[in-house]
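Throughout, read-outs are computed from the coordinates displayed, never taken from laboratory work. All values derive from a computational prediction rather than experimental measurement. Every residue, glycine as well, gets a Cβ built from its backbone with ideal geometry; the counts of neighbours run over all protein chains shown.
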Amino acid sequence: MAGPLAKRSDGAVSRRRSSAAGRGKSGSSYFYTDASSVLKLSPQAVIVAAISFIVFVFVLHIFGKLRS
């Protein structure tokens with residue numbers, strides 16, 4: 001059988017999963033396993049840190065404009 005469609009025994013056509021879907025360690029789930037031993041952060045923590053840094057730089061720019 002070639003292609004992503006497979007014919008079932010009752011005559012209906014269904015889609016087969018690709019081999020990449022069954023690997024288990026693909027996508028964002030890889031970051032939550034024990035394989036990453038350096039620093040474990042949730043996506044929410046990364047977003048909060050990035051937004052905090054942007055706000056901090058913005059405030060520094062405002063203070064820099066006011067002082068000069």
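Summary table below
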| read-out | value |
| --- | --- |
| Label-point separation in nm, Q44 to K65, each point 7 Å along Cα→Cβ | 3.4 |
| Separation of the D10 and F53 label points, Cα + 7 Å toward Cβ, nm | 5.4 |
